[in-house]
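Colleague: Right, I'll just put the structure down here and ask away after.
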Amino acid sequence: MPGTILGFTEEEIAGFGLTFGLGAFILYMLFIIGHLAWESKAGKFGTFVLFLGLSFGMVGFIAKYVIQWIIEK
């Protein structure tokens, strides 16, 4: 099949990388933020603020897929 890599098209590979790759990166960032909060002894409020900043990005990432699903439906 011309235009495929291991049976997958470029669009399928990009979609997989965007969803699972970026999702894995977000989980890794959660680990890093948690480790920073632990090492700096940020306390409950400081840890909350650190995770709140990261969660805004995650909510936007998830909202994008929910909006796409609603539009395509």
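Colleague: Any residue in the range 13-20 that is in contact with a Phe, Trp or Tyr (Cβ under 8 Å, 6 or more places away or on another chain) and surrounded by 12 or more Cβ atoms within 10 Å (Cβ to Cβ)?
Modeller: Yes, some residue in the range 13-20 is in contact with a Phe, Trp or Tyr (Cβ under 8 Å, 6 or more places away or on another chain) and surrounded by 12 or more Cβ atoms within 10 Å (Cβ to Cβ).
Colleague: Let me ask another. So which of 55, 40 is modelled with pLDDT under 85 and polar (S, T, N, Q)?
Modeller: Only one candidate passes the filter, namely 55.
Colleague: Under 9 Å between Cβ atoms, which residue pairs at least 6 apart in sequence (or on different chains) link something in the range 48-73 that is within 18 Å of residue 37 (Cα to Cα) with a partner that is outside any helix (DSSP H, G or I) and of a type in the set (Gly, Ala, Ser)?
Modeller: Here the result reads 48/42; 49/42; 50/42, each pair linking the range 48-73 to a residue that is outside any helix (DSSP H, G or I) and of a type in the set (Gly, Ala, Ser).
Colleague: Follow-up. Please identify the pairs in which a residue from the range 15-31 that is under 14 Å from residue 55 (Cβ atoms) has its Cβ atom under 9 Å from the Cβ atom of a residue that is modelled with pLDDT of 85 or more and assigned to a helix (DSSP H, G or I), counting only partners at least 6 apart or on another chain.
Modeller: 30/51
Colleague: Moving to a separate point now. Those residues that are loosely packed, with under 11 Cβ neighbours inside 10 Å and more than 25 Å from residue 68 (Cα to Cα), I need them from the range 33-55; list them, please.
Modeller: Within the range 33-55, 35, 38, 39, 41, 43, 44, 45 meet the criteria.
Colleague: Which of the residues spanning the range 58-73 are within 18 Å of residue 29 (Cβ to Cβ) and of a type outside the set (Phe, Trp, Tyr)?
Modeller: If the condition is that a residue be within 18 Å of residue 29 (Cβ to Cβ) and of a type outside the set (Phe, Trp, Tyr), then 58, 59, 60, 62, 63, 64 are the ones that fit.
Colleague: Here's something else I'd like to know. Which one of 15, 23 is part of a helix (DSSP H, G or I), under 22 Å from residue 69 (Cβ atoms), touching a helix residue (DSSP H, G or I) at 6+ places or on another chain (Cβ under 9 Å) and of a type outside the set (A, V, I, L, M)?
Modeller: Being part of a helix (DSSP H, G or I), under 22 Å from residue 69 (Cβ atoms), touching a helix residue (DSSP H, G or I) at 6+ places or on another chain (Cβ under 9 Å) and of a type outside the set (A, V, I, L, M) holds for just one of 15, 23, which is 23.
The values are calculated or read from the model by the stated rules, or taken from the named source; none is laboratory data. A quick note: this is a predicted structure, and the numbers were derived from the prediction, not measured. Backbone-built Cβ (ideal geometry, glycine too); neighbour counts: all protein chains shown.
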